[in-house]
Amino acid sequence: MIKIQERYHFFFYLLSFSLVFFAFLFVYQSLPEKDFLQASLLSLPGESMTEKPVIEESEDFIQIVKEGEGLTHLARRSLSDYLETDDLSLSSEQKIYIEDFVQKRMDYNDLHPGDEVSISRDLIERGISQSLELEEEQLENLKQYSSLIYGSL
């Protein structure tokens, strides 16, 4: 009888420890600033966190969310970074179309400063491809938005 009770105590303690461990893990994973803290702790003294995107082997553009930014801002930065590596000339209206195309296909609900967001080169290229096929009246309609972002060029 005593050995059976000891087994129950052991399983009770094991279950309690597991619940506490998983609760801690859940809370830690939900902290938005954990990635930012890790990145700042891993950087060398005198080295600042880069503003430039990191292009990994997968050719994704990795953007770090800044205060007040949304998906469109990240798509705009990624498009700009893409255009730095490609000798392509796009109108302001086409850029607006591409930014909107990209942000509508991103699956991020809740952004916090310091979050890392990956935007694929392929997604940007699909947006570019579609923007090159826009009709004149579609481009004319986008002027009202492009003038707010890029001014009248």
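Of all residues in segment 78-101, count the ones that are within 15 Å of residue 134 (Cβ to Cβ) and either β-branched (Val, Ile, Thr) or touching a His at 6+ places or on another chain (Cβ under 7 Å) (or both).
Looking only at that region, the number is 2.
Give me a count of the residues in segment 91-113 that are closer than 11 Å to residue 123 by Cβ and in contact with a Leu (Cβ under 7 Å, 6 or more places away or on another chain).
Count: 5.
Filter segment 135-153 for residues that are outside any helix (DSSP H, G or I) and closer than 19 Å to residue 75 by Cα and give the result.
If the condition is that a residue be outside any helix (DSSP H, G or I) and closer than 19 Å to residue 75 by Cα, then 151 is the only one that fits.
Using the structure shown, decide if residue 127 is touching a Leu at 6+ places or on another chain (Cβ under 9 Å), farther than 23 Å from residue 59 by Cβ and either modelled with pLDDT under 95 or assigned by TED's automatic domain parsing to the domain that holds residue 95 (or both).
No.
Quick check on this structure: which one of 78, 89 is touching a Phe, Trp or Tyr at 6+ places or on another chain (Cβ under 7 Å) and within 18 Å of residue 146 (Cβ to Cβ)? Talk me through it step by step, then tell me what you get.
Values: 89 fails: touching a Phe, Trp or Tyr at 6+ places or on another chain (Cβ under 7 Å).
Among 78, 89, only 78 is touching a Phe, Trp or Tyr at 6+ places or on another chain (Cβ under 7 Å) and within 18 Å of residue 146 (Cβ to Cβ).
In this structure, does residue 77 turn out to be assigned to a helix (DSSP H, G or I) and either buried (at least 19 other Cβ atoms within 10 Å of the Cβ) or of a type in the set (S, T, N, Q) (or both)?
Answer is yes for this residue.
Is one or more of the residues making up segment 113-121 assigned to a helix (DSSP H, G or I), surrounded by 18 or more Cβ atoms within 10 Å (Cβ to Cβ) and either modelled with pLDDT of 90 or more or hydrophobic (A, V, I, L, M, F, W, C) (or both)?
There is no residue in segment 113-121 that is assigned to a helix (DSSP H, G or I), surrounded by 18 or more Cβ atoms within 10 Å (Cβ to Cβ) and either modelled with pLDDT of 90 or more or hydrophobic (A, V, I, L, M, F, W, C) (or both).
The values are calculated or read from the model by the stated rules, or taken from the named source; none is laboratory data. Model, not experiment: these values are computed from the prediction. Methodologically, a virtual Cβ is constructed for each residue, glycine included, from the backbone with ideal geometry; neighbour enumeration extends over all protein chains shown.
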